[in-house]
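The values are calculated or read from the model by the stated rules, or taken from the named source; none is laboratory data. Worth saying up front: this structure is predicted, and the values here are computed from it rather than measured. In this analysis, Cβ positions are derived from the backbone assuming ideal geometry, glycine residues included, and neighbour counts consider all displayed protein chains.
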Amino acid sequence: MAKPASALTKSLLDALFSGVLALVVLGPISGLVLNGYQVRNEMQRPLLLAAAVMVGRFLFSLALATERGRSLLGALSARAQQGVTVAEASPPRSLRLATPLLLAAGLILPFFLSKYFLTVLILAMIYVLLGLGLNIVVGLAGLLDLGYVAFYAVGAYGLALGSQYLHLGFWTALPLAALLAAACGGLLGFPVLRMHGDYLAIVTLGFGEIIRLVLNNWLDFTGGPNGASAPPPTLFGLEFSRAAKYGGTPFHEYFHLEYNPNYKFIFIFLILFAVVSLMVLFVGRLKQMPMGRTWEALREDEIACRSLGINHVTVKLSAFMMGAMVGGVAGVFFATYQGFINPTSFSFFESALILAIVVLGGLGSTVGIVLAALVLTILPEMLRDFAEYRVLIFGVAMVLMMIWRPRGLIRIKRRSFDLEGLR
Amino acid sequence: MNETQGGAHLLELQEVDAAYGPVQALKRVSLHVDAGEIVTLIGANGAGKSTLLATVFGEPRAARGHIRFNGRDITGIATHEVAKLGIALVPEGRRIFSGMTVEENLLMGTICIGPAHVEPDLIKVFEMFPRLKERLRQRAGTLSGGEQQMLAIARALMGRPGLLLLDEPSLGLAPLVVRQIFETLAEIAAAGTTVFLVEQNANHALRLAGRGYVLVNGEIRLSGTGNELLANPEVRKAYLGGH
Ligand SMILES: Nc1ncnc2c1ncn2[C@@H]1O[C@H](COP(=O)(O)OP(=O)(O)O)[C@@H](O)[C@H]1O
Ligand SMILES: [Mg+2]
């Protein structure tokens with residue numbers, strides 16, 4: 001501490017500034033309470049909040065003025081300053097050991113879970129899939145897509161409406177809905193990908209909302225807010241309901257088992273687990289393939305890329321469509337797992353949540369995204385009592401991340417591309 | 001002057017205008033580069049040198065006039081198609097991919113021709129720049145300025161160009177490194193790649209080049225052999241410190 005007096009005044013000034021800011025921001029929100037048609041003035045509340053902010057900011061500034069506070073902050077942020085590290089091309093030993101263990105756990109676990117935990121786990125896996133899909137777009141290709149939920153909705157409604165109008169089953173709808181979502185991605189991407197960062201974000205944001213509004217308002221076709229029902233998957237024609245609804249035989253009757261509603265969820269989980277595993281494998285390969293390398297190069301320097309002969313529009317489009325396709329697949333699983341969908345499941349908040357997964361996971365790190373998805377979906381379930389604060393906690397977590405861990409919780413060890421990847 | 005009339009030039013700009021919105025950056029620029037030559041374009045900061053190279057790549061597009069490569073009119077061609085014709089650009093400020101390894105940067109250079117010749121071409125490039133071989137697995141951003149410039153040139157060569165365009169490769173480099181780079185350019189030309197070099201470092205550039213052009217405010221003011229321009233009083237005054 002060089003000058004204690006100046007540190008004190010600086011802290012006081014900081015606190016004052018924060019207090020005024022808090023008052024300006026919080027005043028209208030918490031100070032004016034709507035009561036019928038009248039506005040009640042409750043100014044003591046924002047004043048109290050602002051006072052709390054001031055005290056907090058004052059203590060924070062003071063702490064920063066001490067050696068110890070600074071070193072604490074420095075330790076938190078030091079590693080974030082370093083860039084991406086390049087690892088050897090072969091995966092680390094620990095990962096090679098962990099993979100079979102994880103696979104085995106995933107295959108055995110569902111048989112021992114209650115229905116509730118099964119559904120939580122399925123939802124978590126759906127978000128893992130969404131995170132991996134959006135990661136292709138945002139993390140690998142560097143395109144900020146704020147309307148990713150649109151493709152999720154296309155997949156979900158692809159199954160529901162495909163079943164309703166074309167009598168498609170789960171297995172037919174899965175690839176078709178994925179292709180449909182990819183086509184939507186292409187349709188949106190083609191005009192939009194010439195734009196740069198901010199514009200792209202705004203247009204995709206709008207697209208996400210448009211899809212939701214169409215789903216909500218096209219009553220005749222989508223059922224509007226009433227939603228649409230989606231069929232569960234079948235196992236070679238065997239159904240998982242108590243009585244056959246789609247003209248097959250129920251699974252439990254065929255195998256002379258007692259009916260158990262868990263069967264359906266176990267089955268969905270197992271397919272989903274297989275899809276997610278394949279996806280993890282695929283993304284891992286993708287990063288080392290020329291396509292992944294081109295995305296990365298384009299993210300670094302678009303002008304250099306174009307002079308090297310890369311068509312930036314088609315390269316970005318490939319990432320966009322691939323991400324959309326994965327979102328579509330996730331949507332199909334969501335619809336089949338819920339059995340019933342309506343537009344409220346596809347609000348902007350979903351896009352934000354998926355983006356939060358990608359950012360928290362560390363923009364590009366597969367392991368990080370899987371972890372972040374699991375944490376962000378399972379934790380709120382475990383902490384049901386705090387559900388109201390979920391959004392607030394997200395916001396705080398994101399802000400803190402951007403300050404101290406701008407490259408994500410798990411820092412990417414980027415594998416270098418090898419010559420083999422070119423073959 | 002050794003103008004080759006009649007036969008097609010490797011690269012030819014004919015009365016080219018280019019503008020950024022209202023800012024006219026090139027005015028009626030005509031020049032040509034023949035196969036096997038080293039040609040240089042010198043000019044002060046803001047003269048339009050970078051713009052001229054960018055116009056070959058279609059950004060900004062020539063507002064009038066024609067650009068021909070190997071006799072073919074490429075004035076309206078898409079930017080990403082230019083590299084496939086056999087024109088490589090070493091951009092101003094190098095623009096290497098700093099987060100990627102040296103090796104990956106080099107591989108990016110093969111995009112326009114595919115990976116068929118990667119291995120022999122890597123060997124050739126490493127003969128020319130042994131330093132890059134030592135730093136193959138290093139992140140490109142951690143290289144020194146001179147090494148980054150070498151990498152930018154090597155990356156361009158990986159696409160087996162017939163014509164190499166360089167935008168101020170000596171910018172910000174120590175004199176010794178500049179000399180090395182210019183020696184390499186002579187080697188590249190001797191190996192059969194035509195070189196078109198844009199420079200502010202007129203002394204070095206004109207000594208290296210067979211012919212040169214002087215660009216002033218977007219217009220070609222002078223042209224001639226390297227020696228003619230070196231001896232030209234106007235050039236000496238403006239670009240060589242007036243000795
Ligand atoms: N992207 C741009 N937008 C608008 N004006 C530009 C742009 N790039 C260059 N210019 C202008 O064009 C002129 C030529 O620039 P440039 O080709 O970069 O010159 P040089 O490479 O010879 O230093 C300058 O007046 C510059 O200000
Ligand atoms: Mg320039």
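From the list B:Thr55, B:Thr40, the one residue that fits, being within 14 Å of chain A (Cβ to nearest Cβ), within 16 Å of ligand 2 (Cβ to nearest atom) and surrounded by 19 or more Cβ atoms within 10 Å (Cβ to Cβ), is B:Thr55.
Per-residue answers, yes or no, for (1) surrounded by 21 or more Cβ atoms within 10 Å (Cβ to Cβ); (2) at the interface with chain B (Cβ under 9 Å from one of its Cβ atoms):
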position: A:Leu270; (1), (2): no, no
position: A:Phe282; (1), (2): no, no
position: A:Ala297; (1), (2): yes, yes
position: A:Glu302; (1), (2): no, no
position: A:Ser307; (1), (2): yes, yes
position: A:Asn311; (1), (2): no, yes
position: A:Gly327; (1), (2): yes, no
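Among the residues in the stretch B:94-101, are any more than 9 Å from chain A (Cβ to nearest Cβ) and either more than 16 Å from ligand 1 (Cβ to nearest atom) or farther than 17 Å from B:Pro169 by Cα (or both)? No - not one qualifying residue is present in the stretch B:94-101. Scanning the stretch A:44-69 for residues that are of a type in the set (Lys, Arg) and farther than 18 Å from A:Ile29 by Cα turns up A:Arg57, A:Arg68. Working only within the stretch A:172-185, note down all residues that are surrounded by fewer than 16 Cβ atoms within 10 Å (Cβ to Cβ) and either over 20 Å from A:Arg212 (Cβ atoms) or in contact with a Pro (Cβ under 8 Å, 6 or more places away or on another chain) (or both). Across the stretch A:172-185, the qualifying residues are A:Thr172, A:Pro175, A:Leu179. Quick check on B:Val23: is it within 16 Å of ligand 1 (Cβ to nearest atom) and either within 10 Å of chain A (Cβ to nearest Cβ) or free of Cβ contacts under 8 Å to residues at least 12 places away in the same chain (or both)? It is true that B:Val23 is within 16 Å of ligand 1 (Cβ to nearest atom) and either within 10 Å of chain A (Cβ to nearest Cβ) or free of Cβ contacts under 8 Å to residues at least 12 places away in the same chain (or both). Can you confirm whether B:Gly46 is farther than 25 Å from B:Gly146 by Cβ, part of a loop (DSSP other than H, G, I, E, B) and within 16 Å of ligand 2 (Cβ to nearest atom)? Spelling it out, B:Gly46 is indeed farther than 25 Å from B:Gly146 by Cβ, part of a loop (DSSP other than H, G, I, E, B) and within 16 Å of ligand 2 (Cβ to nearest atom).
Just to verify a result, which residue in the stretch B:102-127, among those that are buried (at least 20 other Cβ atoms within 10 Å of the Cβ) and not in a helix (DSSP H, G or I), is nearest to the other protein chains (Cβ to nearest Cβ)? Among them, the one singled out is B:Cys112.
A quick yes/no check of all residues on (1) in a helix (DSSP H, G or I); (2) in the same structural domain as A:Gly147 (by TED's automatic domain parsing); (3) without any contact (Cβ under 8 Å) to a residue 24 or more places away in the chain:
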| position | (1), (2), (3) |
| --- | --- |
| A:Ile310 | no, yes, yes |
| A:Thr314 | yes, yes, yes |
| A:Ala319 | yes, yes, no |
| A:Leu355 | yes, yes, no |
| A:Val358 | yes, yes, no |
| A:Ala373 | yes, yes, no |
| A:Ile393 | yes, yes, yes |
| A:Val396 | yes, yes, yes |
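Just one residue in the set B:Ile181, B:Ile188 is away from ligand 1 (no atom under 16 Å from the Cβ), in contact (Cβ under 8 Å) with a residue 60 or more places away in the chain, away from chain A (no Cβ under 14 Å) and under 15 Å from the mean Cα position of the chain (by Cα); that residue is B:Ile188.
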